[in-house]
Amino acid sequence: MRWFPIPRHPAKLETMPDDPTKLDEWRLIAKVSHDLRTPLNGVLGLSELMLDSELSSEQRRSMELIQISAESLLTITSDLLDFSRLRGERVELDNIAFDLIGLIDSTARLLAVRAFERGIEISYDVAEDVPRTVRGDPGRLRQILTNLIGNAVKFTHEGGVSVTVVLDSMRPAGAQLRFVVRDTGIGIPADKLDAIFDEYAQVDASTSRKYGGSGLGLSISRRLARRMGGDVEVTSQLGKGSEFTFTAILEPADEKAAAAERAQVTLSGARALVLDDNPSIRELVQQTLEAAGLAVDGVEGVDDGIEALQKAADQGEPYRLLIMDAWISRRDGYEIARTVRDDPVFADTRIMMLTSAGRRGDGRRCRDVGIQAYLTKPVSGDELLDAVAVMLGAVVRPTATLVTRHVLEESRRRLCILIAEDNVVNQQVATAVLRRRGHTVDIVDTGAAAVEAIAQTDYDVVLMDIEMPEMDGLEATAAIRQRPDAAQLPIVALTAHAIGGEQERYRAAGMDDCLTKPFRPQELIQLVEHLGGATPGARTADQPPRPPPTPVNLTEFRRAMREAGMEETVETILGVFLEDATERLTALESAVQAGDADGIRMAAHAFRSAAATVRATNLAELLHQVEIAGQANDLGRAADLLQQVREEKAAVVDFLNQTTVY
């Protein structure tokens, strides 16, 4: 993942109104926001942790509904607050330098999982003349993009969503950029195009019931775009999709030299073949590689791809690199890759696998087949070129056998973090998230205890709640800043206040940044690791070969449960899995026999989740293939895979019954 700079002291976000009546309204909004966000932080955090544990299908569905409901409430709360502030003209935009492409990339990644769950893909393309580093308000720009891309994903059932960014013109105030979000979704009736930008408006009354939302997102996006010197427009065709375009004026900033010189790698002239049936992804990968000097061809069909490889080899100019999708025209990309790898003619061709969502077992499968790199979409241009450079040996870097996103990020520095928070639920949520990343976490529940802890231990980052007994977060920060050895210690305010003026007050008190509850795990990780300096370091060399995998990786399962503080539940979870396995298989068999594609997908998904939890990797991988077949309405493939599922399920059950785990 690409980190974008997080400002330590950004410009003031908004000012408090002078009118007493408006001031009362402003305080009321702050109070409502705080009172809603504090419990929502616990609901969202704990539901996410629960969904990572072993649950029955009914329990998992209930937890998913709880999470969806909490997220909807949070979205509505945030929209109401934003709309109130924008209407009252109390929002002042930041003007800080940030990585535009990194922002687009990270936004697309956050929404990619939701898109994958709907069977669609997100792609993006930024024109070469668009300035990479710009000055503006990255948070508000991300808000517009998230709203437009999120809507596109929500209303698209097949096809995909694409984002393009072009430079319209250069103006005295800066570069006018045009962002276009296209989808292949349900479309909008012509007589509703203007109304969708009205407050609380939906295309019809059933839209909010079916898809959710407050009806404020587009209105907020248009108001923000206009504050940025642009606007939001839409064209649409019912049943064929929509195209939302917004413009914004952003001031080009100085590029950080050399960052981009990224390797001055000797890729020029290397031949590459891109095999993907999604034209947007294929063209994007081609353009990125061609800009780096590679000679690139792209094909859509599997047979065309094999023919192109053979023809190039016959001509004495074989492809050095094959980049392919994990699922092409309902065919398993891994089997295609195996066909290529088994032919000695293509022995020197390196293979990179792209997939819409990673799953357990992919790494082992890549190694078995002989695939050198594995990346999940959306893939940024930098990430793609970094992986290609490593694969082709253009840069000297110690790597694992398989080049993955984690290898490219390389090993993170482990941080020592102090959490000062008096809410037990919030303590548990933050601690679980950070410890999963390998960081060490200490907890105190008062500001005074935080000051004392810092005097005794060298911490890399402090997460400081604002409202605590005895000494609040602001007082504790002031005391900490008086210590010479803590003058530069990063301190992050944890607050349920979403009002900008409050956040600026925290920064003025000596805090480096602010995290508003409820926060997403990724938001917490990104901020803490950026401020704590958990930057990429050197990765160790290739690992020695491992012994053949067992049907269940009990060591990995126990480690995961131990890290989650749930080691005592190992026996219980394995027992539940054994009790439910036959019932889950029966449900899948019934769906296959009935020819119920949706039933196959749901039954396979539920069984796969349980298998992945206990680290029955092979079984989970097979079930994922069945799930994909159900989603594609490929009943024949689902039936073909069923016997393999039966055999692997029997192997897993036998292994657990014969292993002393109780």
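Hey, can you tell me all the residues within region 141-175 that are within 18 Å of GLY229 (Cβ to Cβ), among the polar types (S, T, N, Q) and surrounded by fewer than 18 Cβ atoms within 10 Å (Cβ to Cβ)?
Filtering region 141-175 down to residues within 18 Å of GLY229 (Cβ to Cβ) leaves 141-145, 148, 165-175.
Cutting the leftovers down to among the polar types (S, T, N, Q) gives us 143, 169.
Within region 141-175, SER169 is the sole residue that qualifies.
Which of the residues belonging to region 456-489 are surrounded by fewer than 18 Cβ atoms within 10 Å (Cβ to Cβ), touching an Asp or Glu at 6+ places or on another chain (Cβ under 9 Å) and not in a loop (DSSP other than H, G, I, E, B)?
Answer for region 456-489, where residues must be surrounded by fewer than 18 Cβ atoms within 10 Å (Cβ to Cβ), touching an Asp or Glu at 6+ places or on another chain (Cβ under 9 Å) and not in a loop (DSSP other than H, G, I, E, B): just ASP485.
Look at GLU627 and say whether it is assigned to a helix (DSSP H, G or I) and open to solvent by less than 30 Å² (accessible area, probe 1.4 Å).
yes
Condition first: surrounded by fewer than 17 Cβ atoms within 10 Å (Cβ to Cβ) and either closer than 19 Å to VAL492 by Cβ or at pLDDT 75 or above (or both). Now tell me which residues in region 399-421 satisfy that.
ARG413, ARG414, CYS416
Could you please give the count of residues in region 320-348 that are under 18 Å from GLU283 (Cβ atoms) and touching a Ser or Thr at 6+ places or on another chain (Cβ under 9 Å)?
Here the count works out to 3.
With the condition kept exactly as written, say whether any residue in region 531-545 is among the acidic types (Asp, Glu), over 20 Å from ARG436 (Cα atoms), surrounded by 13 or more Cβ atoms within 10 Å (Cβ to Cβ) and modelled with pLDDT under 80.
No, region 531-545 contains no residue that is among the acidic types (Asp, Glu), over 20 Å from ARG436 (Cα atoms), surrounded by 13 or more Cβ atoms within 10 Å (Cβ to Cβ) and modelled with pLDDT under 80.
Can you tell me which residue within region 638-652, out of those that are crowded, with 19+ Cβ neighbours inside 10 Å and touching a residue at least 60 places away in the same chain (Cβ under 8 Å), is farthest from GLY599 (Cα to Cα)?
VAL652
Restricting to region 593-652, what's the tally of residues that are touching a Pro at 6+ places or on another chain (Cβ under 8 Å) and hydroxyl-bearing (Ser, Thr, Tyr)?
Final tally of qualifying residues: 1.
Suppose we filter ALA253, ALA248, ALA292 for residues that are under 30 Å from ASN95 (Cβ atoms) and at pLDDT below 80; which single one remains?
Matching residue, one of ALA253, ALA248, ALA292: ALA253.
Residues being within 27 Å of SER356 (Cα to Cα), part of a loop (DSSP other than H, G, I, E, B) and open to solvent by 50 Å² or more (accessible area, probe 1.4 Å): count how many of those fall in region 116-140.
So the answer is 3.
Consider ALA612 carefully, then state whether it is within 24 Å of GLY119 (Cα to Cα), at pLDDT 85 or above and either among the aliphatic types (A, V, I, L, M) or surrounded by 14 or more Cβ atoms within 10 Å (Cβ to Cβ) (or both). Full working, then the answer.
Working: within 24 Å of GLY119 (Cα to Cα): yes; at pLDDT 85 or above: no; either among the aliphatic types (A, V, I, L, M) or surrounded by 14 or more Cβ atoms within 10 Å (Cβ to Cβ) (or both): yes.
Spelling it out, it is not the case that ALA612 is within 24 Å of GLY119 (Cα to Cα), at pLDDT 85 or above and either among the aliphatic types (A, V, I, L, M) or surrounded by 14 or more Cβ atoms within 10 Å (Cβ to Cβ) (or both).
Name every residue in region 224-245 that is surrounded by 21 or more Cβ atoms within 10 Å (Cβ to Cβ), in contact with a Phe, Trp or Tyr (Cβ under 8 Å, 6 or more places away or on another chain) and not aliphatic (A, V, I, L, M), in order of residue number.
GLY230, SER242
The values are calculated or read from the model by the stated rules, or taken from the named source; none is laboratory data. Because the structure is predicted, anything quoted here is derived from the model rather than measured. So basically every Cβ, Gly included, is an ideal-geometry build from the backbone, and we count neighbours across all protein chains shown. With ligands, DNA and RNA removed, areas are computed over all heavy atoms of the protein, side chains included. Shrake-Rupley method; radii C 1.70, N 1.55, O 1.52, S 1.80 Å.
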